[in-house]
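Okay, so here's the structure we're looking at.
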Amino acid sequence: MTIESTFTRLDFAFSRFLGQRSALTGAAQDRFEKVVARLSFEQNQGHSCIRLDTKAREIVLASGMASQADTSPLILEGDRLYLQRYWAYEQNLARRIGAMTRDDVPAVDVDASLGRYFPTSAEEIDWQREAAKTAINQVFCIITGGPGTGKTTTVVKILALLQELAERPLFIALAAPTGKAAMRLQESIGNSKSALPCSETVKQSIPESVTTLHRLLGSRPPSPYFRHNAENPLPFDLVVVDEASMVDLALMSKMVDALKPSARLILLGDKDQLASVESGAVLADLTAALPDHTVELKRAHRFDATIKDLAEAVNLQQPEAAWSALQAGNENIGLLNQEVIAYIVGQRLDYISAIESPYDTGHIFNVFRRFQVLCANRAGKNSVADINNQVERRLASAGHINPTGTWYHGRPVMITQNDAALHLYNGDIGLCLKDTEQNGKLMVFFQRPDGSIKKCLPARLPHCETVYAMTIHKSQGSEFNEILIALPDQHNPVLTKELLYTAITRARKSVKILADQKVFNETVLRKIERFGGLAQKLTCTVD
């Protein structure tokens, strides 16, 4: 299969549009259109630009459609060809971040305060303390690390320290790329504030409300523009963005553009997780280009050492070590050696028991979140569609559920479309249950970060889907006690070590994997490679 056979109709239409307006004819125009179609296709695969050989570069320059300025539809920067918009995003992001790295912060002696918030151990480096020192002494800071390394705990202490050191209370914004990630950050900050070794006044100055980046910036759908930008900046003195690995190039560029000149920025995230769905690998590029502004937390507190070792073997692309660990007979990690649907149904029997009336809705959510199936693909064997369909049918045949229509008692759903009016966001999980307060009428219940429950009529919900299984992409920002990772029976381009690493690190206590060894090994050995110029631009800008 050639790369041209995977191009979409939109790729070809766009390439013809530019080709017909170029200064080229005949074979040269055909070659130019193939280059543009490839650029369009690769941009949709997450790349910011493509690399050209000498001949392709000459044809692009002769087309009249490309230049090194920002006035042409295509930008040619050395041997890299960009769509003008994405070149502008890279330029702007590198310029703004570069300026922040050069901003001076008045030197302060914080050792005594750091000792109060981060009691050190003589046995190891306290990376959380190092992260706090970096954040206090720099305008721009990245705190990266795997799940359970304490990124959120660390940033709460940083916020308290910055408030103590400030001449006046700082106006702080907390944000995340998705509603689900925002809710998790809000919950974590709410749980962490009470233990801070500071005054109640300082605690009260730390916000608990977390918003999505789109809401923070003031989205204006269907326009790609936001209410807050360089001309109308955000009023905040400090912005903290969690799950930064999920933020794409365009959104990150627009976010930093909306910061006021004196604002600080702290990014939290795991650089080894899946990159954003849209173009760019921004967090990975930032950490690679700005090591002096990056601190990696290295000690995991969340999960068992065997899960950590498995995740590290996958991340280091060591398939033999990872597969051996799965076969070692450890109770916390292993291969699934029984029929998959029977196993999933068995894992869901506690949920089936919990939804028998009378029931406690909060308890039901705790039971449901104990276990989750994570799939690599949406369609095909061992996919979300396949497993959801089979589990629903098996539960129905056993009399555990009664799916006489789309909505039934016990149906778990995931919201796939934001609805700001209902405060429901892409990734939120709800449970359809009989409402005992309304004579058994079906309602969909959602648990908020503070533990409270909200309920909605099924007909009022934005688009949603059944979620006995979810994609690994959708699981980002979530935690479950036990997970089953289902890989397809054949390798495909979605399968990468970042995808598998992200899935494994969703678990607190137990990981089971359904996979053929050949597919598993190929997954571990394949790494996401996103081509772009951000890291190089940042290096040049900072230097």
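Derivation of every value follows stated rules applied to the coordinates shown; laboratory data play no part. Remember, it's a predicted structure, so these values are computed and weren't measured experimentally. Every residue, glycine as well, gets a Cβ built from its backbone with ideal geometry; the counts of neighbours run over all protein chains shown.
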message: Using +1 at the C-beta of Lys and Arg and -1 at the C-beta of Asp and Glu, which of Trp127, Ala99, Tyr86 has the Cα lying farthest in the positive direction of the dipole of region 79-139?
response: Tyr86
- prompt: Which of the listed residues, Ile50, Ala342, Leu159, is farthest toward the dipole's positive end in the chain, when Lys, Arg count +1 and Asp, Glu count -1 at the beta-carbon?
  reply: Ala342
task: Work out the charge dipole of the chain with +1 on the Cβ of Lys and Arg and -1 on the Cβ of Asp and Glu about the Cα centre, then indicate which of Phe520, Leu500, Ala23 is farthest towards its positive end.
output: Ala23
query: In the structure shown, do any of Lys157/Lys537; Lys151/Lys455; Lys308/Lys518; Lys157/Lys254 have a Cα-Cα gap over 25 Å, and if so which?
result: Lys157/Lys537; Lys151/Lys455; Lys157/Lys254
- prompt: Using the Karplus equation 6.51 cos²θ - 1.76 cosθ + 1.60 (θ = phi - 60°), what ³J(HN,Hα) coupling, rounded to whole Hz, does each residue of region 196-205 give in order, writing x for Gly and Pro?
  reply: 5, x, 9, 6, 5, 4, 5, 4, 5, 7
Calculated from backbone phi, Karplus (6.51, -1.76, 1.60) coupling profile of region 286-299 in Hz, x at Gly/Pro: 5, 5, 5, 8, 10, x, 6, 10, 10, 10, 9, 7, 10, 10
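Give the shape of region 331-408 as rounded, prolate or oblate, defined through the alpha-carbon gyration tensor: a ≥ b ≥ c are the square roots of its eigenvalues, a/c under 1.5 means rounded, and otherwise the shape is prolate if a/b is larger than b/c and oblate if not.
Here region 331-408 falls in the oblate category.
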- request: Give the distance, in whole Å, between the Cα centre of region 382-411 and the Cα centre of region 348-371.
  value: 16
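Does region 47-129 classify as rounded, prolate or oblate by the C-alpha gyration tensor (a ≥ b ≥ c root eigenvalues; a/c under 1.5 gives rounded; else a/b over b/c gives prolate, otherwise oblate)?
It is prolate, given that a/c is not under 1.5 and a/b is the larger ratio.
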query: Rounded to the nearest 20 Debye, what is the dipole magnitude of region 413-493 about its Cα centre when Lys and Arg each give +1 and Asp and Glu each give -1 at the C-beta?
result: 320
field: Nonlocal amide H pairs with Ile513, under 5 Å, H built at 1.01 Å
entry: Gly334, Leu335, Leu336, Ile485
message: Suppose every Lys and Arg Cβ carries +1 and every Asp and Glu Cβ carries -1, with no other charges. What dipole size does region 384-543 come out with about its Cα centre, to the nearest 20 debye?
response: 160
query: In straight Cα distance, which lysines are under 23 Å from Lys55, not counting same-chain residues fewer than 8 positions off?
result: Lys34
- prompt: In straight Cα distance, which aspartates and glutamates are under 16 Å from Lys434, not counting same-chain residues fewer than 8 positions off?
  reply: Glu356, Asp360
- prompt: So, by mean Cβ neighbours within 10 angstrom, what's the order for 50-57, 23-30, 414-421, 87-94 with the highest one leading?
  reply: 87-94, 414-421, 50-57, 23-30
- prompt: Mind listing the phi-derived Karplus ³J(HN,Hα) values for region 269-283, rounded to whole Hz, using 6.51, -1.76 and 1.60 with θ = phi - 60°, and x for any glycine or proline?
  reply: x, 9, 5, 8, 6, 3, 6, 4, 5, 7, 5, x, 10, 5, 4
- line: With DSSP loop assignment and no more than 11 other C-beta atoms within 10 Å, the GluC sites (Glu not before Pro) in region 285-380 are Glu331, Glu339, Glu356
message: Cβ neighbours within 10 Å, averaged per peptide: list 451-461, 242-252, 515-525 in order, most packed at the top.
response: 242-252, 515-525, 451-461
message: Under a crude label model (7 Å from the Cα following the beta-carbon direction), how far is Thr404 from Thr436 in nanometres?
response: 2.2
statement: With only helices counted (DSSP H, runs n ≥ 4, each -39500 (n - 2.57)), the per-residue ellipticity at 222 nm for the chain, to the nearest 500, works out to -12000 deg cm²/dmol
message: Based on alpha-carbon centroids, what's the gap between region 288-339 and region 48-121 in Å, whole number please?
response: 32
Point-charge dipole on Cβ atoms (K/R +1, D/E -1) for the chain, about Cα centre, debye to 20: 1160
- request: Show me 277-283, 77-83 ranked by packing, highest mean number of other Cβ atoms within 10 Å first.
  value: 277-283, 77-83
query: Does region 124-213 come out rounded, prolate or oblate, given a ≥ b ≥ c as the square roots of the eigenvalues of its C-alpha gyration tensor, rounded meaning a/c under 1.5 and, failing that, prolate meaning a/b above b/c?
result: rounded
